[in-house]
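Okay, structure first, notes after.
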Amino acid sequence: MKKSSRMSVIHPHAAGVDIGAEFHVVAVPPDADAAPVRTFQRFTGYLHRMSGWLKTCHITTIAMESTGFYWLPAFEIPEAAGFNVILV
């Protein structure tokens with residue numbers, strides 16, 4: 001039987017963002033919110049709401065993947081709000 005190994009948590013207060021043309025899907029750790037996966041439209045007001053939600057979840061680091069140019073505002077708005085944003 002193969003032994004399973006667990007990976008160490010490096011950034012316990014991190015969120016992941018899947019960037020899309022119409023909307024972005026954001027996930028936080030399961031213990032950070034009752035609904036740890038949410039969808040936000042890509043427009044400015046929604047990105048500010050996303051940043052606000054991430055702050056209430058005590059997130060400090062955001063990792064996002066880039067798709068076309070849609071990642072630019074999704075990167076810039078949280079970064080301006082004080083998050084450490086990483087593009088992967």
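So the values come out like this:
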read-out	value
Residues of the range 72-82 that turn out to be outside any helix (DSSP H, G or I) and in contact with a helix residue (DSSP H, G or I) (Cβ under 7 Å, 6 or more places away or on another chain), as a count	1
Unique residue being buried (at least 17 other Cβ atoms within 10 Å of the Cβ), under 17 Å from LEU72 (Cβ atoms) and free of Cβ contacts under 8 Å to residues at least 24 places away in the same chain when the list is PHE23, PHE40	PHE40
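Only the coordinates and a few stated rules stand behind these numbers; no lab work does. These numbers come from a predicted model, not from an experiment. Quick reminder, even Gly has a Cβ in these numbers, built from the backbone with ideal geometry, and neighbours come from all protein chains shown.
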